[in-house]
Protein chains: 6
Amino acid sequence: MSIRHDGRAADELRPLSVNRDFPSAAPGRVLISAGDTTILCTASIDESVPPWKMNSENPTGWVTAEYNMLPGCTSPRKSRRVDGRATEIQRLIGRSLRSVVDFEALGPRTVTVDCDVVRADGGTRTLSITGGFIALVDALQALPSGTIDLQRVLLDSVAAVSTGVVAGEAVLDLDYVEDSSAEVDSNLVMTGRGLFVEVQGTAEGRPFSAEHLNEQLRLGKLGIERLTALQREILGKNWPLDTMDSSC
Amino acid sequence: MSIRHDGRAADELRPLSVNRDFPSAAPGRVLISAGDTTILCTASIDESVPPWKMNSENPTGWVTAEYNMLPGCTSPRKSRRVDGRATEIQRLIGRSLRSVVDFEALGPRTVTVDCDVVRADGGTRTLSITGGFIALVDALQALPSGTIDLQRVLLDSVAAVSTGVVAGEAVLDLDYVEDSSAEVDSNLVMTGRGLFVEVQGTAEGRPFSAEHLNEQLRLGKLGIERLTALQREILGKNWPLDTMDSSC
Amino acid sequence: MSIRHDGRAADELRPLSVNRDFPSAAPGRVLISAGDTTILCTASIDESVPPWKMNSENPTGWVTAEYNMLPGCTSPRKSRRVDGRATEIQRLIGRSLRSVVDFEALGPRTVTVDCDVVRADGGTRTLSITGGFIALVDALQALPSGTIDLQRVLLDSVAAVSTGVVAGEAVLDLDYVEDSSAEVDSNLVMTGRGLFVEVQGTAEGRPFSAEHLNEQLRLGKLGIERLTALQREILGKNWPLDTMDSSC
Amino acid sequence: MSIRHDGRAADELRPLSVNRDFPSAAPGRVLISAGDTTILCTASIDESVPPWKMNSENPTGWVTAEYNMLPGCTSPRKSRRVDGRATEIQRLIGRSLRSVVDFEALGPRTVTVDCDVVRADGGTRTLSITGGFIALVDALQALPSGTIDLQRVLLDSVAAVSTGVVAGEAVLDLDYVEDSSAEVDSNLVMTGRGLFVEVQGTAEGRPFSAEHLNEQLRLGKLGIERLTALQREILGKNWPLDTMDSSC
Amino acid sequence: MSIRHDGRAADELRPLSVNRDFPSAAPGRVLISAGDTTILCTASIDESVPPWKMNSENPTGWVTAEYNMLPGCTSPRKSRRVDGRATEIQRLIGRSLRSVVDFEALGPRTVTVDCDVVRADGGTRTLSITGGFIALVDALQALPSGTIDLQRVLLDSVAAVSTGVVAGEAVLDLDYVEDSSAEVDSNLVMTGRGLFVEVQGTAEGRPFSAEHLNEQLRLGKLGIERLTALQREILGKNWPLDTMDSSC
Amino acid sequence: MSIRHDGRAADELRPLSVNRDFPSAAPGRVLISAGDTTILCTASIDESVPPWKMNSENPTGWVTAEYNMLPGCTSPRKSRRVDGRATEIQRLIGRSLRSVVDFEALGPRTVTVDCDVVRADGGTRTLSITGGFIALVDALQALPSGTIDLQRVLLDSVAAVSTGVVAGEAVLDLDYVEDSSAEVDSNLVMTGRGLFVEVQGTAEGRPFSAEHLNEQLRLGKLGIERLTALQREILGKNWPLDTMDSSC
C-alpha cells in the first residue's frame, strides 16, 4: 500500500516526457515534463567567451544557465520579479552542466542553457538539469560537422532528482503537495557513471537524522540511474557517450 | 506571381495554429503560431483590483498584459534585459484587450494576460493580441458558473495584424525577413465588428505616401476579418458573442 | 457655433509661440508653446557616434531624443520618476526627427534633442516634435561653416499634431480638458512635403469607426500644413529647404 | 583694476534677473538668472505630509527640494543620470528653506521646491536657494486666503551666495571659469536678519588659511545683504516680513 | 606526516577564538575567528514581525540573517557590490539558525543576525553560522527577564563546518589555499544533538565518488562535535540547553 | 561645573583609542574609537588608476573613500540601504584625505579607504577622517621599500572633529545625545599645519549667530591640534612628516 497521495511507491519517479521539436530558434530545445512540472530548456551557442576569459591567449569555452519562472507556471500567477531563489537555482544548474564538459575541447564558445518553467509542480531545479543536459547535447550536435569533437567535449552525462522525507518516510521525486509538507528537502545531481556532482539536503523546519540522510541518498541514486537511461533513449543517435555503456 | 520571398500573395496571412492544451497552471493558456512566430499566452485571474482602483466603493475590474521574449526566441540568443520596446508593446496589448471588456460587468477582479514569445519571426505584438484574446476568453469561461455574465463582460472580439510596405508594395502579415527590409511598418488592432482599436503606421527610414497608408488599411481590415473567423472557430462553444453573428 | 470648450473651430490649432533666445548652453534652444502647453527643446551635438555604430569604418551620424516632464508642469506636481509612457514618447520623437535626416551627410556626429515639458496641457509629444525640429535645424546651422552641407543633411521638414474624437466629433490639437474626455486619441507626424512619418490612433475606452479615422486624418493633414508654414516663418533664413517651396 | 576675468570687483555680484511669469502649473514659479546661470524654481504645495510625519495626531508641515540639471545646461550636453552631487545639493536646498519656516504654522501640507538648472555657469546651488525662497513665498501667497498666516509661517528670508579664493584672492559669486581654477570653494546661506544657516568652505586641491576663511565670510555676508534687498524688491507686496524692516 | 600546507591533521579544525565584548549597539555581538577568517556577528531584536506574518492573529516570531563581505576582508580589496553568492549564503545562515528556534515561544519579534566578514580566509559561511548562534543566544539572553522562556525558544544548538577533498584526500575546515585547489567543497550544518540541518557537497570541476562523500560526512560530524563543545564553553552561563548534556 | 551630560568640559574631546592590529587583509587597518563611536578604517592599494585618469600618458594616483554603517552600529538595527547621507559623507572623507596627498608622487595607484561604522554614537564622519588618515599612512608605509617617497606623497596630516551649539553653548566633539538636541552641527577638517580643508556649519532648525560660528571655529581648532598630536603618537615611527615638527 502506497504512502504517497498520488499512489506512487516511495522509490517511483513521476512519468517523464520530452518534446525536442518545440518551436524555438535555439539549436537545443527541449520541453520536458515530470508529472505536471514542465520546463522549456533551450541551449544557445555564442562563438565568444565571457569577458573574464578573454585575456587568455587560448581562451577555453564556458557553459552557463539561466532559470526563470513564467507567470502562468503557478496559480495564483507568479510575478516576474527575479529573487534570490532563482539566482541560487541557476547557479546550481550552471555548475551541474559544467561538471561534465571539457572547456578546452569545447573551444572558445559559450553555451547558455535557459530553463523557463512553464508549469511548476515541484522539482523544477532538478528537472531543469535533466532537461538542460539534453538541450546542451542537441545544441552541440547541431554545430557544423568538424567544429568540435563531442566525444571529448562531453565527459559524462548528468541528471538530477529530488528526494525528501514526508510523514517520516524517505521518498523520491516529490511533487508540490509532498514538497509543501516535507520535513527534509534534498536534491541530488549525479552523472551517468554514478559520480556525485552536488548533494544538497535541507531540513524544512526541524533537523533530521543520519538514517534519513542515507535512505535519501539510496533513493536518489536509484532515480538518477533511471533518468540517465531515459536521457540516453531520448537522445538516441545523438547520445555521445559510447564508452559509458559498461560503467552504467 | 508573388512578390514575397515565401511565395505568399500580398494579402495572404501566414498559417495560424493554436494549442489550448499547453501545460500551464493558468486558466487561459494558448500556444499560438503564425508561421514561425510562436507565443505562449496565459491569462490568470486575481480576485482583487490594482491599488489605484481600491479607493472606490464599488471597484470595477481591470485587464493588464505583460510581454516578454524568451532567450531562445531568436538566434543569436536574446538577453533577458527588459527594454523600452517591451514596455511599449505590453501597453499596446493591454489597451487592446481592455477595449472590448466592460469593467463593471467584470467586477472587482484583475485579468493578467502574459505573452511570452517562444519563437520570434515578425509580428509578435499583433499575434500576442490575437492569442491573448483567446486566453482571456478561456480564463473568463473557467470562472465558477455564475461568477460573471460573459455576454456582458465581453463587448466584442479583438485581433491584430501587421501590414507594411516592402519593395514599394503593400503586404499583409510580415515575417522577420520582410520586416527587416520594410519601408513602412504598421499594426492594426480591430474588433470582430470591424471597429478600430489602434492604428499605428511607422516609416522605417523614409516617410511614406497617403496611397501606401490607404492600401495598408485595406489589407489590414481583410486580415482582421480572417483572424476573427479563426478565433471564433478555435474557441467553438467558448465563443461568447452570439449577437455578433450578423455584424461580422 | 463651436463645439469646443475654448471656442475653437474643430479644425483650429491653438496659438503657437516660439522663443529661440531662451538661456541654454545648447546650440539649438527653443521654448515652444501651443496654448498652455510649453516645451523646452534643446539640441546638442556630440562629435561621436553611439557604440553600436563605432565598428563601421565610415560611421554615419545619429539623431536621438529624450522626453521628460518637469515636476511643475502639472498641478498637482508630477514626480520625477521615469515611466513607460516617457520611454514610448521619446522613441517616437527620435524616430520622427530621424525620418528627415540623411545620416551619411550628417557624418560621424550625434544630435540629441531634449524635450523638457515646462507646462503640460495636452499634446506634449507632438509639440516636442514640432519644436524639436526647429532646435535640430538651429543646432546644425550653428556648426562651423563647411562642417556639413545642410541641404543634404535635411531631406524634409517634420511636424506633428494630435487629433481626436470628442463628444462624437473629430477635432484638431486637443488640450488637456478635451484629451481627458476624448473617445479617440490620435497623433500624426508628417513632413513638409506631405508624407507620413507616423500615424497613431488609439481608442480611449471603446473602439471607433472608419469614418472617425478618416476625418481625423483630414484634420491632421490640415494642421501639419499650418505648422510647417509656421516652422518656416520662425526659422526664417535658417530654413534649409529651398527646393521645398513648390511642394508645400 | 579688477583681477577678475569679467571685470567685476572682488565683492561684486553678477547681475540678477527674475521672471515670475514663466509658464508653469506650479503656484510658485521663478526663472532666476545670475549672469549666465539660470534656474527654473517651481514651488508646489501638496495638502498632505510625508509618511514619517503621518503618525502624529497633529502633523506639522514640511518643505523639501529637488535639484536637477537639464541636459542643455552645459556644453557638452549633461547626461540625465542622477549622481551623488545632485543628492547632496538638494539636501542643502531643502535644509536652507526649512530653516526659515515654522512647520506648525504651515500646517499639514508639503511644499516641494524644484530647482531645474536651465543654464549652468557656476553657483547653481546658491542661486537655487535664493530663487527657491521667492518661489516658496509666491506659492504660499497663492494659497486661498485664510489658509495660513504667512507672517507666522515665514520666520525670516533666506538667500545664498558662493565665495572662493582665486589666484590667491578672495572673491564673491564665482562663475564657472573662476570656479574651475579656484583654490577654495565656499557657500554661505544666511537669512535676511543676518543669521547663519549654512557655512561650507572646501579646499579644492590644497588646504587654505584662516585669513582666507575670514575674508570669504566677510564677502559672503555682503553678498547676502544685497541679495536679500533684491528678493524684497522682486517680491514687492508679496514680501511677508514686515517686522524685518529695521533689522535688515 | 601532515598532507596539509599548514601542518594540520586531516581532521583538525583551525584555532577558534571569540570576542563577545566587541563594540556594537546590538545586544548580541561576537567577533569570531577560525584561523585567519574573522566574522563580526551581531544579533538585533525588533519587536515586530515581517509583513507576511502580520495578518495572523497571533503572529509568531522570525529569525533572519544578512551576510556581507567588508572591502578589506580580501586582498585585493573586495568591491561592495552584492552578488548572487552573498544572497545564497545569507539564505543558508537564516535557514540554519531558524532550524533550532521555536517561533511560537519566541513570540512576535524578529531577530536579525548580521554576519560581516572582516577577514576572509575560507569557510566564512560556516563560521557565520557557528558565530551567529552565539550572537543569537546572547541577544535573546539580553531581553528583559520574563520576556521569553529561553529553554522553550531554543530547541538545540547549531554549528557548521566545511569539508573538502584536496589532492585526493578528505580534509576538515579548509582555508582559502585549500579551498582554491579543492576537488570537492562541502558544508555541513548540524545541531548539538547530532541532527542534520544542511548537507551540501559540490564538485569543483569534476564529479566525486561515494567514498569521498562518506569520508567528508564523517569528518564534518567530528568537527561539529568540537565546535558545539566550544560554543558551550564560550557561552558559559548563557548556554540555555541544560537538558542537552546527556545527548551530546 | 560641566554643562555636558557626560561631565566633559566644553572643549574636551572624548577618549580616543586605536587598534592597528585588527584582523584584515588590507595593508592599512585601524579600529578607532572616540567614546562609544567606533569605526573600522581599512586602506587598500590597487596598482591602477580610475578610468577617467587612464587616458593620460603619465597618469597620477588617486585616493578615494567609502563610508558605510554596519547594521549593528545602532539600536534599533540600521538597514543596509545606501542613502544620500552616506554618499555625501564618503565624498567628504575622500576630499579630506586627498587634500594632503601629492598624486604625482603617489604614482599610478589608487588608495581606497573604507570606513565601516561598527558603533555609532555621534561624530562618525569626522572620526572616519581622523582614523582614515592613519590607515592611509600605514598602507603607504607597507608598500615595498622604494616604491614611493612617502615624504613627497604626504604633504601634511589631516584630522577632523565636530563642534556644535547645545543649549546655547558651543561644545567640542558631540556624542549622539548632544547631536540630537544641538542647535548647530558643525564639522571641521584641518591639517596638522593648521590649515583648513573643510568648514561645515549647519543650523539644525533655526539659524545661528556669528558669535556661535566663531566660538565653534576656536573649539574645533583646539580639538584638531590634540587629534594631530594623538595621530603622531599612534603612528610612531610610521609618522612620515619630519619637517612638520616645528610647525605643529
Task: Top-ranked residue in region A:76-106 [being under 21 Å from A:Glu225 (Cβ atoms) and among the polar types (S, T, N, Q); ranked as surrounded by the most Cβ atoms within 10 Å (Cβ to Cβ)] - done: A:Ser96
TODO: Could you look through region C:151-167, keep only residues that are over 12 Å from C:Lys221 (Cα atoms) and among the polar types (S, T, N, Q), and pick out the one that is surrounded by the most Cβ atoms within 10 Å (Cβ to Cβ)?
DONE: C:Ser157
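Answer with yes or no whether B:Thr228 is β-branched (Val, Ile, Thr), more than 10 Å from chain C (Cβ to nearest Cβ), over 24 Å from B:Gly28 (Cβ atoms) and touching a residue at least 60 places away in the same chain (Cβ under 8 Å). Walk me through how you get there before you give the answer.
On the way: β-branched (Val, Ile, Thr): yes; more than 10 Å from chain C (Cβ to nearest Cβ): yes; over 24 Å from B:Gly28 (Cβ atoms): no; touching a residue at least 60 places away in the same chain (Cβ under 8 Å): yes.
No: the conditions fail for B:Thr228.
Kindly establish whether E:Leu213 is within 20 Å of E:Gly123 (Cβ to Cβ), facing chain A (nearest Cβ under 8 Å) and in a helix (DSSP H, G or I). Outline the logic, then answer.
Details: within 20 Å of E:Gly123 (Cβ to Cβ): yes; facing chain A (nearest Cβ under 8 Å): yes; in a helix (DSSP H, G or I): yes.
So E:Leu213 fits the description; yes.
Taking region E:39-54 on its own, how many of its residues are under 26 Å from F:Ser17 (Cα atoms) and either surrounded by fewer than 24 Cβ atoms within 10 Å (Cβ to Cβ) or among the polar types (S, T, N, Q) (or both)? Full working, then the answer.
Of all residues in region E:39-54, those under 26 Å from F:Ser17 (Cα atoms) come to E:39-44.
Add one more test, that the residue is either surrounded by fewer than 24 Cβ atoms within 10 Å (Cβ to Cβ) or among the polar types (S, T, N, Q) (or both), and what stays is E:42, E:44.
Of the residues in that region, 2 qualify.
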- [ ] Report, by residue number, each residue of region C:107-120 that is surrounded by fewer than 24 Cβ atoms within 10 Å (Cβ to Cβ) and in contact with a Gly (Cβ under 7 Å, 6 or more places away or on another chain).
- [x] C:Gly107, C:Pro108, C:Arg109, C:Thr110
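Find the residue count for region E:85-125, including only residues that are outside any loop (DSSP other than H, G, I, E, B) and farther than 26 Å from E:Leu172 by Cα.
Taking region E:85-125 as the starting set, the residues that turn out to be outside any loop (DSSP other than H, G, I, E, B) are E:85-98, E:101, E:103-106, E:110-119, E:124-125.
Okay, now just the ones that are also farther than 26 Å from E:Leu172 by Cα, so E:101, E:103-106, E:110-112.
Selection size over region E:85-125: 8.
Residue check: is C:Gly201 over 30 Å from B:Phe103 (Cα atoms) and over 16 Å from the mean Cα position of the chain (by Cα)? Don't jump to the end; show me each part of the working.
Values: over 30 Å from B:Phe103 (Cα atoms): no; over 16 Å from the mean Cα position of the chain (by Cα): yes.
In short, no.
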TODO: Return yes when C:Thr126 is crowded, with 24+ Cβ neighbours inside 10 Å, in contact with a helix residue (DSSP H, G or I) (Cβ under 8 Å, 6 or more places away or on another chain), touching a residue at least 40 places away in the same chain (Cβ under 8 Å) and not aliphatic (A, V, I, L, M) and no when it is not.
DONE: no
Open item on the list: I'd like to know if region E:168-178 contains one or more residues that are part of a strand (DSSP E or B) and surrounded by fewer than 23 Cβ atoms within 10 Å (Cβ to Cβ).
Closed with: yes
TODO: Can you tell me which residue within region D:1-38, out of those that are facing chain C (nearest Cβ under 10 Å) and of a type in the set (A, V, I, L, M, F, W, C), is surrounded by the fewest Cβ atoms within 10 Å (Cβ to Cβ)?
DONE: D:Phe22
Open item on the list: Contact list please: Cβ distance under 7 Å, first residue in region B:49-62 and among the aromatic types (Phe, Trp, Tyr), second residue not in a loop (DSSP other than H, G, I, E, B), pairs at least six apart or on different chains.
Closed with: B:Trp62/B:Lys53; B:Trp62/B:Phe103; B:Trp62/B:Thr110
Open item on the list: The conditions are (1) part of a helix (DSSP H, G or I); (2) of a type in the set (S, T, N, Q); (3) touching a residue at least 60 places away in the same chain (Cβ under 8 Å), and C:Ser44 fails exactly one of them. Which is it?
Closed with: (1)
Task: Close pairs (6 angstrom Cβ cut-off, 6 or more residues apart or separate chains): among the aromatic types (Phe, Trp, Tyr) in region E:92-103, buried (at least 19 other Cβ atoms within 10 Å of the Cβ) anywhere - done: E:Phe103/E:Gly61
Task: Evaluation of D:Glu66 against (1) assigned to a strand (DSSP E or B); (2) touching a residue at least 60 places away in the same chain (Cβ under 8 Å); (3) facing chain C (nearest Cβ under 8 Å) (one fails), failing number - done: (2)
Task: Of residues in region A:74-128 being among the hydroxyl-bearing types (Ser, Thr, Tyr) and within 7 Å of another protein chain (Cβ to nearest Cβ), the one farthest from the chain's Cα centre (by Cα) - done: A:Ser75
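Select from region E:49-72 the residues that are hydroxyl-bearing (Ser, Thr, Tyr) and more than 21 Å from E:Asp121 (Cα to Cα) and write down the one among them that is farthest from the chain's Cα centre (by Cα). Let's see the steps before the verdict.
First, the residues of region E:49-72 that are hydroxyl-bearing (Ser, Thr, Tyr): E:56, E:60, E:64, E:67.
Among the residues that remain, those that are also more than 21 Å from E:Asp121 (Cα to Cα) are: E:56, E:60, E:64.
On the way: E:Ser56: 30, E:Thr60: 23, E:Thr64: 13 Å.
Among those residues, the one meeting the criterion is E:Ser56.
Just to check your reading of the model, which residue among C:Gly223, C:Gly205, C:Gly194, C:Gly201 is farther than 30 Å from B:Ser157 by Cα and facing chain B (nearest Cβ under 10 Å)? Spell out how you get there, then give the answer.
Working: C:Gly223 fails: facing chain B (nearest Cβ under 10 Å); C:Gly205 fails: farther than 30 Å from B:Ser157 by Cα; C:Gly201 fails: farther than 30 Å from B:Ser157 by Cα.
It is C:Gly194.
No value in this document is a laboratory result; all are computed from the given coordinates. The structure presented is a predicted model; accordingly, all values stated were derived computationally and were not measured. Reconstructed Cβ throughout: ideal geometry from the backbone, glycine too, with neighbour counts over all protein chains shown.
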